[in-house]
Every structure is written in structure tokens, then in C-alpha cells.
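Inspection log for the structure reproduced underneath, given as C-alpha cells.
The values are calculated or read from the model by the stated rules, or taken from the named source; none is laboratory data. Values in this document were obtained by computation on a predicted structure and should not be read as measured data. Note that each Cβ is placed from the backbone with ideal geometry, even for glycine, and that neighbours are counted across all protein chains shown. All accessible areas refer to the heavy atoms of the entire protein, side chains included, with ligands and DNA or RNA removed. Shrake-Rupley method; radii C 1.70, N 1.55, O 1.52, S 1.80 Å.
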Amino acid sequence: MKKILSITATVLAVTAVAAFSINTAFAESTKKLTDDADIILDSQEDTIEYNLKKCTLETGWDTVIYTNNNNVSSYDMENYCNDYFDSHDYGCGEEKSGVFLTVDMGSREMYIITKGEAMYYFDDSRIDDTLDNVQYELANSDYQGACDAFIEAVEYYHYIGENTDSDATYKNIEIVENLTILDRIEKGLFYAFAFAVTVGIFAVGISFVIRYKYSQNGKGESYDLARNSSLNLTERYDKFLYKNVTSTSVSSSSSSSSHHSSSHHSSHHSSHSSHGGGGRHF
């Protein structure tokens, strides 16, 4: 009995230390759960927050959930989520790795953004499977279940590693170069130099061809046209062929009409950092 009590006390102590470590590690960091839609019960928020921070420590990917009532359309959802992640300074390490779930109760849209290293752990099929599991819980109004399904997917795919199957696809990954002003100047100068060299080589080649053509002028066989030809005119006369008359009528009008047309243009602006992911309606 004493042995059992000792083991139980040890387990509780380890759990308490782990919980203290997680809370200490994130004491000054941004919250991982932001429930602006107010769909998570107060009694559930601490558990979800703890699990998100635990997942972040285990994977090295900032694992974040954000709910809202902003009514963002499916067309704008990707950029909205990516900008939100960046503007709140989420992400771990130099690559700003993370996995971010947004649930918009206004438009009934959900979206998952992957960043940094996590992009290559979530191919298209894994994104779809994660969306399936989260969507199922949301459709049943089990919002804690949806959060748990998301966290479990992140932990699982980190554990099994990148998908090395030959048929794995990553069509939703968008790579954006984050260049400083100096980098952009250096890159521009490099391309300008490469272009100048290419044009120079082309111009030199053309000049050699032209010089060669001129150097060969008059060196080939010639035909003496004056000596080997003759022309004798035996008769001369003028012959009228035809007459052409063109008439043009000029009309004036006191009034004029004009036709106006209008068009509506829309553009999809890509976000300013590399990311992957996908979303759907629920």
C-alpha cells in the first residue's frame, strides 16, 4: 500500500512540475487560444490552452487556435489567417514554424495555416484529413472536441514525420521570399549584370556575322549583264486601260451618341510570407 501511495505521489509531482514548466516557458508569450467567438466554455479554456502550449513545446511548432465572428469570406480566408499569424508574432525559431486553426462562426469558414518546418509535414492529404476531423466536431457543436482533434493531428503528424510517399502533393504551399532592401538591390544588380552580359554576347555575335558578310562582298562569281544581254525596241505606243471614279458622300448630324461600359475588377493579394494549408465551410 505504501509503495502504491509512493508511486502515486511521484506521478503527481512529475505532472505538477511539467505543468509548472509549461506555464513558466510561456509566461511572457502570447496566448495560444483566443476565443473571440465565445464558443469555448470557461471551464474548457484552461485545458485547451495547456494542451496547445504542450503541443508547441513537443513539436517546436507554435500551435494556435483563433475563433471569431468576423464573417470573412472563403476567398479572403487564407490571407486573413496568414496575416493574423504574422501580425501577432506567432511562430517558433528562425523559420517561424507553426500550425494555426481559425474558426469563423460568422461565415462558417475554417482554415488551417502551416508555417516554416510544419509546411512539409502537412501535405494535401494530411490537411484534408485534419479538416475532416475538425469539421465533424464543429458540425456537432463540439467546440472543445474540434480543438482536441486539431491538437491531436499536429502531434501525430509531427511524430510520424514528413510524408515521403512519391504521390504526396503540396499544392497549397506558397513560398514567398522575405528579402531585405539590401538583398533586393543585390538581386536586382545581379539580374541586370546577367542581362547586360547576355545582350553583349548577342551583339558581338551579330557584329561578327555582319563583318563576315561584308568581307565576302564582290568575291564571288559575277555575271556581266551589259556584255551578255541586249534590248531592241521595235514599236512604241500608249494604251488606255481603265477609268476609276470614286464618290464620297458627307453627312452631318446635330447629335451624337456614346456608349459607356463598366467592369468590375477584383484581385487576390497573396500574403507576404510563405505558408501552406487549406480550409472549407462547416
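Structure notes:
- Those residues of the range 87-116 which are charged (D, E, K, R) and within 12 Å of H275 (Cβ to Cβ), in sequence order: E95, K96, K115
- Restricting attention to the range 82-118, the residues that are within 11 Å of V64 (Cα to Cα) and of a type in the set (A, V, I, L, M, F, W, C) add up to 6.
- The set of residues in the range 127-149 that are of a type outside the set (A, V, I, L, M) and open to solvent by less than 20 Å² (accessible area, probe 1.4 Å) comprises T130, G145, C147.
- Within the range 103-130, the residues that satisfy the criterion of being within 19 Å of D35 (Cα to Cα) and either aliphatic (A, V, I, L, M) or without any contact (Cβ under 8 Å) to a residue 12 or more places away in the chain (or both) are V103, M105, M110, I112, I113.
- Number of positions in the range 152-164 that are in contact (Cβ under 8 Å) with a residue 24 or more places away in the chain and surrounded by fewer than 20 Cβ atoms within 10 Å (Cβ to Cβ): 4
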